[in-house]
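Notes follow the structure.
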Amino acid sequence: MPVPETIAQPGSGVETDTGPGRPQPVTEVLRPHAEHAFAVELAALAAADDRPRPTRWRLSPWAVATYLLGGTLPDGTVITPKYVGPRRIVEVAVTTLATDRALLLLGVPGTAKTWVSEHLAAAVSGDSTLLVQGTAGTPEEAVRYGWNYARLIAEGPSRDALVPSPVMRAMAQGMTARVEELTRIPADVQDTLITILSEKTLPVPELGQEVQAVPGFNLIATANDRDRGVNELSSALRRRFNTVVLPLPATAEAEVDIVARRVEQLGRSLELPALPEGVDEIRRVVTVFRELRDGVTTDGRTKVKSPSGTLSTAEAISVVTGGLALAAHFGDGVLRPADVAAGILGAVVRDPAADRLVWQEYLETVVRERDGWKDFYRACREVSHDAR
Amino acid sequence: MASDGGTVSAGPKASADPMASGEGPASGGRLTSPATVRRGGGPLLLGVRHHGPGSARGVRAALEAEKPAVVLVEGPAEADALVALAGDPDMRPPVALLAHAVDDPGRAAFWPMASFSPEWIAIRWALDRGAAVRFIDLPATHTLAASDPTWSDGDDGEEGFAGGGARIDPIAELAGAAGATGAAGDGAAERWWEDVVELCAADDAGDPIAPFDALAEAMGALREAYGHGGHPRDLVREAYMRIQLRAARKEFGDSVAVVCGAWHVPALTRKTTVAADRALLKGLPKVKTELTWVPWTHRRLARRSGYGAGIDAPGWYEHLYAAPDRPVERWMTKVAGLLRAEDHPVSSAHVIEAVRLARNLAALRGRPAPGLDETTDAVRSVLCEGSDVPLDLVRDRLVVGDVLGEVPAGAPAVPLQRDLARRRRSLRLKPEATERTLELDLRKDMDGERSRLLHRLRLLGVGWGEPAAGRAGTGTFRETWRLRWEPEQHVQVAEAGVWGTTVEAAATARARSRAEAATALADITALAEQCLLAGLSGALPVVMRSLADRAALDTDVSRLAEALPALARSLRYGDVRGTDTAALAEVAAGLAERICVGLPSACAGLDTDAATAMRERIDEVHQAIGLLPDAAGPADRWAGVLRRLADRDRVPGVLRGRAARLLLDEGRIADGEAALLMSRALSPGTPPAGAAAWIDGFVGGASGGGLLLVHDERLLGLVDDWLTGVPAGAFTDVLPLLRRTFSEYEPGVRRTLGELVARGPGAGGAGHSTPGVPGFAATLDRERADAVLPLLHLVLGTEVMA
């Protein structure tokens, strides 16, 4: 089940090709870049913005914050909120970009890291495409520069034979570069960022040259610090970043809303039947996730242990979608406790020994006593026993 | 009473003529300002926010400029006698004026003052300059006589958060009027005030009086709109203040400065008649009160501690007041120092970046200078790398702070001492320097009270009585104490005075704070036991909550198992002492639940020593679960756990054997099933050492296992068969364990077992009774057996219980 990364966005979509594609007519692509999709708002903001702008910034920091958080301009233009969450976070993020420190957005899946980073880049530099997607196989060339080997062999090392990375282009043009999933990148490749971020220069020893960053350059990285299989940032690199942790939805209602909305979208694309009365079950899944994640029950009276998994909103979505598929194909089309129980068990119990205890304790001390949760308790007991 | 003559000026009567040295720029500015504060050359009215560092700076500057002969401070009028102590070199803020009713020390009110409180600054200024100090608020004798002497009511009208729903928050109102609305909700008003008053007052270039003028004007408008704004008592207090102000003016002319909550300033300038004010004060109830200074802490100043002194961040405010310049830079350096001391790597570059981020954030948010919000955001993002864990440390240690005030030894006695003396009199316990032993029978009221008092004192760290081993052993209704009063215990009592005004209140507060600070589960169970012994039902909810929280997060089942017996014991004590133990029972049940969940996996793969320790835990838990009220549910689940233990191969033999035995004793499995379990455990494939351990667990120890073998020949036969089947090589390995198992039996049982084995299997038939035992008939004589029952009931108390 693919885990959607950007939940807070109204119209989500597929990751597009991150190449240096130039502006295309908005209507023709599946998912336009932020700077195209919201071009009108950006232009209105730029027109209304009379505050000082840092060098090469398209907008002032205040206008960037307004672009993300939404508001109404003096001329009546309504800026839609791109990020629904604490104002403080956006303000710190924008302010960081105006200093010479890079910005690191941390958070579990489903907290709109990528979404925020894209819109920040679009508002600050008017271009969100200078992107390096971090994977376990991201090579150094993706961060520094590569070579056009045909030219290299034909003409020898020259500036023309050099293929700049997005980061290098951002440095030269004073733009905002983005690195997605920084912690997926192997540690040695990560560390090539240190020189770029501290010295603001990228040496090209083959040519005896260097590319120096011009004012306006900065970098936004996103990372997931709670997943498994990540490469911890070295503290040398970590020191170059100001860190902003994007929180999970603040209230259960907000989270239920996000889950319900995404489940409906996914369900439509998977051609599952629409779920009647399913919102109770969604609320239950979200409640379980939130309680285990926060280590305390919703009423605040009982503490519970937290399992090792992240229990992100994205996982809640996949649990509900899985349950829905189960109900559609093998059940009576109504989402029932039994349909989600197995999914929850799988999401919670990542470590077979410790997490199972956490889960059983939660079942026995919290779920068993709760009004209206009898079916769910029984369903969970059943799947727990099956798995034993 | 205090209005006519109770006032004692602290210093020498003001001698300096305040007008003689009127300083140029200040008085010039004053004349041109819209003089609400000093209408018609009247007294200098300095409206402040209690504990506002900006207000404090402003007050100091204004007093320096005007040099009044007397300073009137909002505070209980009786405190005039205590003013001189504020100048004592041993007095270190934060301190509080404490007023309490003489007959009822529990009735008390506090007026806390920190080093950055405007009131404190004004008092110190006056003492240093030889000006007189008078407290002008309604005397505590009246405030304490009112039905609800919560101190927030006695304090200020500014902070509307303290309770009553209809109250308005003047700061929020002003902020709203100034257009400061924010997504941060209630933080917006706070921030507005910080920007406009606290942070701006830091630059002292301008006219020191002007900010007070502006504030007085704004408050005047508010008072016009809202009247007393939900504090009807304010009208009475203000009438009293006006009377005091008139008296002061009669004595000192216009050379008078008043430092009071900004909310009250408009009321002090109101034109009323003396008669009208006196009429308001007529017939107020009175109670005999005493006042003293007590040490205070920053934590109590902070709002979240529940005392509601009105400020979130005493540490930050103190820093703002104390820092000579560049407050943000100095603050970040402090934070970095703290984080380094706690092993978080923080470099100077971090500090630089944090300061920059805070500045830029302030600019983005349109604030004149970084406030606490900006600095906290910067600390989180740069110094703490986004993590809230070190940030909590910063909040706790710096933003709130650990500062503890001091009060000179000459301050009047704290009410706790008085309360203790009263209780000692009523309980007829004399403090004697020679040691004596006190026997208490808790079923008597007087002795019960005595026991509670001694237990409470122990909780407070006053070592007057030490429990001694009583002659009745561990009986639940007898206690033996060794009493000895030593001089230093006076000091201990005085120290304990910070916790409260009566022994009970202080012990409750202390127990609560210990419960919140405790980390180990066993500490809290011990504390719970102490609370029950001391009859502190007020502290129990907090202790129980803390206990439940720790238990929920503790992953070590053996620690949980250790804690449960103490709880079960407490439940029994609770019965004897008549305390409410419902909460305790609930926690105990939760604990039992967690043990049931975690025990099976905690028992897997233990080595011999750990298994032996675990066996004891299991025995204890088994007993404890039987003691729980409404034990049927937990007992069923516990039986299920034992069942799983008995069945699991990975559980050490001794535990499996023990579990099987407990099940058999409880009648949860039939005899035949026990034999099945045993034969499985002793089957030839099992390593002999494991099998021997199983036997040890099943019949070993002082649990009457020998008799079981005597009475059930089938089991004996199984053991016998197994033993004879052990290979010669392994026999020497298992011999020590078996020897230990069987040597603990009583000689008679051992002899009988020997005889049975010697006689050979099956001789007595397969029945449960063994006719061969000497002195026993072949069948049971029911009549004679029944004759024992009444006595048994009496001994066990079963009839009473049922």
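In this structure, does A:G110 turn out to be crowded, with 17+ Cβ neighbours inside 10 Å, over 25 Å from A:E199 (Cα atoms) and not polar (S, T, N, Q)? Yes.
For the criterion of being in contact with a Gly (Cβ under 8 Å, 6 or more places away or on another chain) and of a type in the set (G, A, S), B:A79 fails. Looking at the range B:551-561, can you tell me whether even one residue there is free of Cβ contacts under 8 Å to residues at least 12 places away in the same chain, over 25 Å from B:A639 (Cβ atoms) and within 14 Å of chain A (Cβ to nearest Cβ)? Yes, the conditions are met somewhere in the range B:551-561. When you scan the range B:601-609, do you find a residue that is away from chain A (no Cβ under 14 Å), more than 23 Å from B:A635 (Cα to Cα), modelled with pLDDT of 80 or more and assigned to a helix (DSSP H, G or I), even just one? Yes: one or more hits. Filtered by the rule that a residue be of a type in the set (S, T, Y) and buried (at least 24 other Cβ atoms within 10 Å of the Cβ), the range B:110-140 gives a lone residue, B:S117. Residues that are in a loop (DSSP other than H, G, I, E, B) and modelled with pLDDT of 85 or more: does the range B:68-83 have at least one? Yes - at least one qualifying residue is present in the range B:68-83.
One residue stands out among those in the range A:47-92 that are more than 11 Å from chain B (Cβ to nearest Cβ), surrounded by 15 or more Cβ atoms within 10 Å (Cβ to Cβ) and in a helix (DSSP H, G or I): the one that is nearest to the chain's Cα centre (by Cα), which is A:L68. Of everything in the range B:336-358 that is in contact with a helix residue (DSSP H, G or I) (Cβ under 7 Å, 6 or more places away or on another chain) and within 10 Å of chain A (Cβ to nearest Cβ), the residue that is surrounded by the fewest Cβ atoms within 10 Å (Cβ to Cβ) is B:P345. Only a single item in (1) within 14 Å of chain B (Cβ to nearest Cβ); (2) within 17 Å of A:A328 (Cβ to Cβ) is not met by A:R226, and it is number (2). Here are the criteria: (1) under 18 Å from the mean Cα position of the chain (by Cα); (2) in a helix (DSSP H, G or I); (3) more than 14 Å from chain B (Cβ to nearest Cβ); (4) not small (G, A, S). Tell me which single one A:P109 does not satisfy. Here A:P109 meets the rest and fails (2). Can we say B:D630 is surrounded by fewer than 21 Cβ atoms within 10 Å (Cβ to Cβ) and over 33 Å from the mean Cα position of the chain (by Cα)? Taking the combined requirement at face value, the residue does not satisfy it.
Taken residue by residue, the range B:658-666 has at least one member that is within 19 Å of B:E620 (Cβ to Cβ), small (G, A, S) and modelled with pLDDT of 85 or more. For the structure I just gave you, tell me whether A:P205 is touching a Phe, Trp or Tyr at 6+ places or on another chain (Cβ under 8 Å) and surrounded by fewer than 22 Cβ atoms within 10 Å (Cβ to Cβ). Considered against the rule, which asks whether it is touching a Phe, Trp or Tyr at 6+ places or on another chain (Cβ under 8 Å) and surrounded by fewer than 22 Cβ atoms within 10 Å (Cβ to Cβ), A:P205 comes out as no.
Number of residues in the range A:135-188 that are more than 32 Å from the chain's Cα centre (by Cα) and touching a residue at least 24 places away in the same chain (Cβ under 8 Å): the value is 3.
Against the criterion of being surrounded by 13 or more Cβ atoms within 10 Å (Cβ to Cβ), within 14 Å of chain A (Cβ to nearest Cβ) and part of a helix (DSSP H, G or I), B:L268 does not qualify. On the basis of being within 14 Å of another protein chain (Cβ to nearest Cβ), among the β-branched types (V, I, T) and either part of a loop (DSSP other than H, G, I, E, B) or more than 17 Å from B:V699 (Cα to Cα) (or both), does B:V621 make the cut? Taking the combined requirement at face value, the residue does not satisfy it.
Among residues of the range B:363-373 being within 9 Å of another protein chain (Cβ to nearest Cβ) and in a helix (DSSP H, G or I), the one that is farthest from A:L59 (Cα to Cα) is B:D373. Condition check for A:T95 on (1) modelled with pLDDT of 90 or more; (2) more than 17 Å from A:A223 (Cα to Cα); (3) away from chain B (no Cβ under 11 Å); (4) buried (at least 22 other Cβ atoms within 10 Å of the Cβ): one failure, at (3). All told, B:A613 meets the bar of being away from chain A (no Cβ under 11 Å), in a helix (DSSP H, G or I), in contact with a Ser or Thr (Cβ under 8 Å, 6 or more places away or on another chain) and surrounded by fewer than 19 Cβ atoms within 10 Å (Cβ to Cβ). For the range B:98-107, which positions are assigned to a strand (DSSP E or B) and surrounded by fewer than 24 Cβ atoms within 10 Å (Cβ to Cβ)? Of everything in the range B:98-107, just one residue is assigned to a strand (DSSP E or B) and surrounded by fewer than 24 Cβ atoms within 10 Å (Cβ to Cβ), namely B:A101.
Rundown of residues vs (1) more than 25 Å from B:D103 (Cβ to Cβ); (2) exposed (fewer than 15 other Cβ atoms within 10 Å of the Cβ), yes/no style:
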{"residue": "B:G410", "(1), (2)": "no, yes"}
{"residue": "B:V414", "(1), (2)": "no, no"}
{"residue": "B:Q417", "(1), (2)": "no, no"}
{"residue": "B:R423", "(1), (2)": "no, no"}
{"residue": "B:E432", "(1), (2)": "yes, yes"}
{"residue": "B:R450", "(1), (2)": "no, no"}
{"residue": "B:G463", "(1), (2)": "yes, yes"}
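Only one of A:T321, A:T310, A:T298 is touching a residue at least 60 places away in the same chain (Cβ under 8 Å), assigned to a loop (DSSP other than H, G, I, E, B) and not small (G, A, S); which? That would be A:T310, the only listed residue that is touching a residue at least 60 places away in the same chain (Cβ under 8 Å), assigned to a loop (DSSP other than H, G, I, E, B) and not small (G, A, S).
Of the residues screened, B:T292 is one that is in contact with a Leu (Cβ under 8 Å, 6 or more places away or on another chain), assigned to a strand (DSSP E or B) and of a type in the set (V, I, T). Of all the residues that make up the range B:374-402, how many are outside any helix (DSSP H, G or I) and either crowded, with 20+ Cβ neighbours inside 10 Å or within 11 Å of chain A (Cβ to nearest Cβ) (or both)? Looking only at that region, the number is 4.
Pairs are defined by a Cβ separation below 6 Å, a sequence spacing of at least 6 or placement on different chains, a first member in the range A:277-292 that is surrounded by fewer than 21 Cβ atoms within 10 Å (Cβ to Cβ), and a second member that is in a helix (DSSP H, G or I) and modelled with pLDDT of 85 or more; the pairs so defined are A:R283/A:V256.
Picking from residues in the range A:342-358 that are within 11 Å of A:S308 (Cα to Cα) and buried (at least 21 other Cβ atoms within 10 Å of the Cβ), the one that is nearest to the other protein chains (Cβ to nearest Cβ) is A:V358.
Restricted to the range A:149-229, the set of helices (runs of 4 or more DSSP H) holding at least 3 residues that are within 30 Å of A:L59 (Cβ to Cβ) and touching a strand residue (DSSP E or B) at 6+ places or on another chain (Cβ under 8 Å) comprises A:166-173, A:192-198. Only one of the listed residues (A:S128, A:S117) is under 21 Å from A:T222 (Cβ atoms), away from chain B (no Cβ under 14 Å), in a loop (DSSP other than H, G, I, E, B) and of a type in the set (G, A, S). That residue is A:S128.
Go through the residues of the range B:315-322 one by one and say whether even a single one is part of a helix (DSSP H, G or I), within 14 Å of another protein chain (Cβ to nearest Cβ), crowded, with 18+ Cβ neighbours inside 10 Å and not charged (D, E, K, R). Within the range B:315-322 (the criterion being part of a helix (DSSP H, G or I), within 14 Å of another protein chain (Cβ to nearest Cβ), crowded, with 18+ Cβ neighbours inside 10 Å and not charged (D, E, K, R)), the answer is no, since none of the residues qualifies.
The values are calculated or read from the model by the stated rules, or taken from the named source; none is laboratory data. Since we're looking at a predicted model, the values are computed, not measured. No Cβ is skipped: glycine too gets one built from the backbone with ideal geometry, and neighbour counts run over all protein chains shown.
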